[in-house]
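Undergrad: Right, I'll just put the structure down here and ask away after.
The values are calculated or read from the model by the stated rules, or taken from the named source; none is laboratory data. Nothing here was measured: the structure is a model prediction, and the numbers come from that model. Cβ coordinates were reconstructed from backbone atoms using ideal geometry, including for glycine residues, and neighbour counts include every protein chain displayed. The accessibility values were calculated without ligands, DNA or RNA, using every heavy atom of the protein model including side chains. Shrake-Rupley method; radii C 1.70, N 1.55, O 1.52, S 1.80 Å.
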Amino acid sequence: MVVVMRRDATAAEVDAVVERVETAGGEAFVSRGVQRTIIGLVGDVTHFASLNLKAMPGVGDVHRVSKPYKLVSRENHPTSSVVEVGGVPIGPGTFTLIAGPCAVETPEQTLEAARMAQSAGATLLRGGAYKPRTSPYAFQGLGARGLDILADVRAETGMPVVTEVTDAADVALVAEKADMLQVGTRNMQNFALLQAVGSAGRPVMLKRGMTATYDEWLMAAEYVAQRGNLDIVLCERGIRTFETGTRNTLDVSAVPVLQALSHLPVVVDPSHSGGRRDLVVPLTRAAIAVGADAVIVDVHPDPTAALCDGPQALFGDDLDALAAACRDLPPVVGRRLVTR
Ligand code: PEP
Ligand code: MN
C-alpha cells in the first residue's frame, strides 16, 4: 500500500502518517522526489485499510498497488517524473545528452573529453573513477583521485557529474563529490549497494543488469526508492544475447515498456550496447526515436590510447554527427534538447 502526500504536505503531517502506521505494527518508508513525497507501507494491508489514512491531514491519496514494485510503478504515480541532476532535467518533453570518457585517466584527458562532450551538446558529464572490470588485471580506475579530477572539471566546465559507485563503503565519498550516482550492470542486484545509494541524497542512474528482466530491474529500483530516494533514472545498456557481432544487444523495447510500467525516466547507453564506435550514432538515433529521455555516450580525445573501452569512444567528426542527431531528432518526437 502507498500513501501519496499532497504537494503542500508538511513534515509533521508526513511524520503523523508514519507514526500511525508504526503504532499499528507496520513499517513506513518515506521517499521524497522532486514532485512529491510518497510513503510505502509494509505489513498487513487489510489492517492498514482500517487506519483511515486517507482522512489524515496532508494525505492526497492512498492506493493498493498490485505490482511487486510499488514506489517506482506508474500505477502508483501516473505522471512521468523529472529527475534533476545539478539543475539539469531528465524527463518528459526534453532530451538530455550525457557524455564523457568511460574512465577518468588524467586531468587533461578528462577536461578534453568534457569539452568534446559540450561541443556535441552534452549538459552532463560522465566518467568512471571506480571501474568494475571483468579482468582484475585491467585498469581499475583512479578511485578517490578520479573523483577530485571530475570535481575540478565540473568547476571548469559547469557540467554536473555522473559517476559510478561500486561499493557501499564508497557511497558517502562519491555522493559528496558527484551529482549523480551510477550503479552499473554488474551491481544491479547488489542490494546493499542499492540501499546505500538510496540513502545517499543524490539522484541515481540504475543500469540494467546484462541478463535482468524488466521486473528484476524495477525491483532493483524499488530498493533505491524504498530507502527514501525517488530520483532514479533507469539506463538500458544492452543485454546478453547469442549475438557476438556486438558487445551487447540494445533492447529498444525496454524504453517504451519501462515508461509504461514506471514513472521513472529511461536513458539509453548506445556505447556499452553496441561496443562499437560506428554504432553509437545510429543507436542514439534509435533511442531518440523510441522515446528515450537521455543518452549516455563515451567520448575520448585519443581512443587508441584509452585505458578502457576505446573501441566504442567517439572522437573527431563523430561528435558532429552526435550533435546533429541530438539537436534535430528530439523535436520530431515532441522533445527539445536540454541546453544550458
Ligand atoms: C560504464 O558506464 O562505464 C559501465 C561500466 O557500464 P555498464 O555498467 O553498463 O557496463
Ligand atoms: Mn565502459
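Undergrad: Here are the criteria: (1) open to solvent by less than 50 Å² (accessible area, probe 1.4 Å); (2) under 23 Å from Glu112 (Cβ atoms). Tell me which single one Asp152 does not satisfy.
TA: That leaves (1) as the condition not met.
Undergrad: For segment 315-327, does any single residue satisfy the condition of being within 16 Å of ligand 2 (Cβ to nearest atom) and not in a loop (DSSP other than H, G, I, E, B)?
TA: No, the conditions are met nowhere in segment 315-327.
Undergrad: Sticking with this one: Pull up segment 256-284, narrow it to residues that are assigned to a strand (DSSP E or B) and within 15 Å of ligand 1 (Cβ to nearest atom), then point me to the one that is farthest from Leu314 (Cα to Cα).
TA: Taking segment 256-284 as the starting set, the residues that turn out to be assigned to a strand (DSSP E or B) are 262, 266-268.
Now narrow it down to the ones that are within 15 Å of ligand 1 (Cβ to nearest atom): 266-268.
Values: Val266: 22, Val267: 18, Val268: 16 Å.
Ranking the candidates gives Val266 first.
Undergrad: Return yes when Arg227 is within 16 Å of ligand 2 (Cβ to nearest atom) and either open to solvent by less than 10 Å² (accessible area, probe 1.4 Å) or touching a residue at least 40 places away in the same chain (Cβ under 8 Å) (or both) and no when it is not. Show your work before the answer.
TA: Values: within 16 Å of ligand 2 (Cβ to nearest atom): no; either open to solvent by less than 10 Å² (accessible area, probe 1.4 Å) or touching a residue at least 40 places away in the same chain (Cβ under 8 Å) (or both): yes.
No: the conditions fail for Arg227.
Undergrad: Restricting to segment 10-50, what's the tally of residues that are aliphatic (A, V, I, L, M) and farther than 21 Å from Glu75 by Cβ? Even if it seems obvious, please write down each step before you answer.
TA: First pass over segment 10-50, keeping only residues aliphatic (A, V, I, L, M): 11-12, 14, 16-18, 21, 24, 28, 30, 34, 38-39, 41-42, 45, 49.
Cutting the leftovers down to farther than 21 Å from Glu75 by Cβ gives us 11-12, 14, 16, 18, 24.
Count: 6.
Undergrad: Restricted to segment 238-295, and to residues that are farther than 27 Å from Val72 by Cβ and of a type in the set (A, V, I, L, M), which residue is most open to solvent (accessible area, probe 1.4 Å)?
TA: First, pick out the residues of segment 238-295 that are farther than 27 Å from Val72 by Cβ: 242-247, 274-282, 285.
With of a type in the set (A, V, I, L, M) added as a condition, the list becomes 279-281.
Working: Leu279: 39, Val280: 0, Val281: 15 Å².
This residue is Leu279.
Undergrad: Report, by residue number, each residue of segment 227-246 that is farther than 24 Å from Asp320 by Cβ, within 16 Å of ligand 1 (Cβ to nearest atom) and over 19 Å from the mean Cα position of the chain (by Cα). Give the steps one after another, and end with the answer.
TA: Pass one, segment 227-246, residues farther than 24 Å from Asp320 by Cβ: 227-245.
Next, only the ones that are within 16 Å of ligand 1 (Cβ to nearest atom) stay: 232-241.
Arg240, Thr241, listed by residue number.
Undergrad: Got at least one residue in segment 151-173 being in contact with a Lys or Arg (Cβ under 7 Å, 6 or more places away or on another chain), farther than 23 Å from Leu314 by Cα and in a helix (DSSP H, G or I)?
TA: no
Undergrad: What residue, among those in segment 185-224 that are within 16 Å of ligand 2 (Cβ to nearest atom) and of a type in the set (Lys, Arg), is farthest from Val268 (Cα to Cα)?
TA: Arg186
Undergrad: Okay, moving on. Specify the residue that is nearest to ligand 2 (Cβ to nearest atom); the eligible residues are those in segment 299-314 that are under 20 Å from Thr123 (Cβ atoms) and touching a strand residue (DSSP E or B) at 6+ places or on another chain (Cβ under 7 Å). Step through it out loud before you land on a result.
TA: Step one: filter segment 299-314 for residues under 20 Å from Thr123 (Cβ atoms), giving 299-301, 313-314.
Checking which are touching a strand residue (DSSP E or B) at 6+ places or on another chain (Cβ under 7 Å) leaves us with 299, 313-314.
Details: Val299: 12, Ala313: 9, Leu314: 13 Å.
My answer is Ala313.
Undergrad: Further question on the same structure: Give the residues of segment 299-314 that are open to solvent by less than 10 Å² (accessible area, probe 1.4 Å) and either in contact with a Leu (Cβ under 7 Å, 6 or more places away or on another chain) or in a helix (DSSP H, G or I) (or both), sorted by residue number.
TA: Passing the criteria: Val299, Gly310, Gln312, Leu314.
Table: residues versus (1) modelled with pLDDT of 95 or more; (2) of a type in the set (A, V, I, L, M, F, W, C); (3) over 28 Å from Arg202 (Cβ atoms); (4) in contact with a strand residue (DSSP E or B) (Cβ under 7 Å, 6 or more places away or on another chain).
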position	(1), (2), (3), (4)
Val17	yes, yes, no, yes
Leu41	no, yes, no, yes
Thr46	no, no, yes, no
Gly58	yes, no, no, yes
Val72	yes, yes, no, yes
Ser80	yes, no, no, no
Gly87	yes, no, no, no
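Undergrad: Got a number for residues in segment 114-153 being within 16 Å of ligand 1 (Cβ to nearest atom) and more than 21 Å from the chain's Cα centre (by Cα)?
TA: We begin by selecting, within segment 114-153, every residue within 16 Å of ligand 1 (Cβ to nearest atom); these are 114, 117, 122, 124-136, 138-143, 146-147, 149-150.
Adding the requirement that they be more than 21 Å from the chain's Cα centre (by Cα) leaves 134-136, 138-140, 142, 149.
Here the count works out to 8.
Undergrad: Next question. Please find, among Ala287, Ala313, Ala306, Ala294, the residue that is under 23 Å from Pro89 (Cα atoms) and within 14 Å of ligand 1 (Cβ to nearest atom).
TA: Details: Ala287 fails: within 14 Å of ligand 1 (Cβ to nearest atom); Ala313 fails: under 23 Å from Pro89 (Cα atoms); Ala306 fails: under 23 Å from Pro89 (Cα atoms).
It is Ala294.
Undergrad: Between a first residue in segment 169-180 that is closer than 10 Å to Ala151 by Cα and a second residue that is buried (at least 19 other Cβ atoms within 10 Å of the Cβ) and not hydroxyl-bearing (Ser, Thr, Tyr), which pairs have beta carbons less than 6 Å apart while being 6 or more apart in sequence or on different chains?
TA: Listed pairs, sorted by first residue: Lys177/Leu147; Ala178/Val161; Asp179/Val85; Asp179/Pro160; Asp179/Val161.
Undergrad: Moving on to the next point. In segment 201-215, how many residues are more than 15 Å from ligand 1 (Cβ to nearest atom), more than 21 Å from Gly291 (Cβ to Cβ) and either surrounded by fewer than 17 Cβ atoms within 10 Å (Cβ to Cβ) or at pLDDT below 95 (or both)? Show your work before the answer.
TA: Residues of segment 201-215 that are more than 15 Å from ligand 1 (Cβ to nearest atom), as a first pass: 201-203, 213-215.
Okay, now just the ones that are also more than 21 Å from Gly291 (Cβ to Cβ), so 201-202.
Now restrict to residues that are either surrounded by fewer than 17 Cβ atoms within 10 Å (Cβ to Cβ) or at pLDDT below 95 (or both): 201.
Number satisfying all stated conditions: 1.
Undergrad: Let me ask you something else. Hey, among the residues in segment 19-33 that are of a type outside the set (Asp, Glu) and touching a strand residue (DSSP E or B) at 6+ places or on another chain (Cβ under 6 Å), which one's nearest to Pro89 (Cα to Cα)?
TA: Step one: list which residues in segment 19-33 are of a type outside the set (Asp, Glu), which gives 20-21, 23-26, 28-33.
Among the residues that remain, those that are also touching a strand residue (DSSP E or B) at 6+ places or on another chain (Cβ under 6 Å) are: 21, 26, 28-31.
Numbers: Val21: 34, Gly26: 35, Ala28: 29, Phe29: 25, Val30: 23, Ser31: 19 Å.
Across segment 19-33, the extreme among qualifying residues is Ser31.
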